[in-house]
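Peer 1: Can you keep this structure in mind? I'll have questions shortly.
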Amino acid sequence: MKTMEFSIIDFAALVAFGMLILSMAITFWRLVKGPTLPDRVVALDLFANLTIGMIFTLVFYTRQTIYLDVAVFIALIVFMGNVAVSRFLKRRFHDK
């Protein structure tokens with residue numbers, strides 16, 4: 001019978017998953033609660049970055065680098081979204 005090996009990297013990845021899930025829950029609460037639109041935008045940006053962190057942790061845990069392409073794609077989409085939302089908020093709050 002083959003024994004399963006459990007390395008320190010596996011343990012660290014599982015701890016990182018737990019901390020990222022806790023951070024995502026707190027960030028989701030801020031996203032829902034608000035109170036202002038900029039708070040929600042920052043929370044959404046943080047949630048996307050935590051998702052990228054989950055993908056990187058998954059890469060360490062599974063040792064499959066194919067997921068790195070997904071993380072880079074998400075990072076590019078989030079960056080373009082941040083630029084668009086920043087321009088929108090600048091116009092919205094600058095005109096008042």
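Peer 1: Calculate, in nm to one decimal, what T36 and I66 gain on full extension: separation in residues at 0.36 nm each, minus their alpha carbon distance.
Peer 2: So the chain would gain 7.0 nm between T36 and I66.
Peer 1: Would you mind counting up the charge near P38? Only other residues with Cβ under 12 Å from its Cβ, with Lys and Arg at +1 and Asp and Glu at -1.
Peer 2: Residues near P38 contribute +2 overall.
Peer 1: How tilted is helix 37-62 with respect to the longest principal axis of the chain? Cα atoms for both, answer in degrees (0 to 90, nearest 10).
Peer 2: That works out to roughly 20 degrees.
Peer 1: Roughly speaking, what % of Cα-Cα pairs in segment 47-87 are separated by over 11 Å, rounded to a whole number?
Peer 2: Cα-Cα pairs in segment 47-87 separated by more than 11 Å: 61 percent.
Peer 1: Calculate, for the chain, the solvent-accessible area per residue in square angstrom, rolling a 1.4 angstrom probe over the heavy atoms of the protein chains.
Peer 2: Spelled out: the 1.4 Å probe surface of the chain, per residue, equals 79 Å².
Peer 1: One quarter of the convex hull surface, Cα atoms only: what value does that give for the chain in nm²?
Peer 2: 7.8 nm²
The values are calculated or read from the model by the stated rules, or taken from the named source; none is laboratory data. As the structure is a prediction and not an experimental result, all values here were calculated from the model. Counting neighbours? That spans all protein chains shown, and the Cβs are built from the backbone with ideal geometry, glycine included. Heads up: the accessible areas ignore ligands, DNA and RNA and are worked out on the full protein's heavy atoms, side chains in. Shrake-Rupley method; radii C 1.70, N 1.55, O 1.52, S 1.80 Å.
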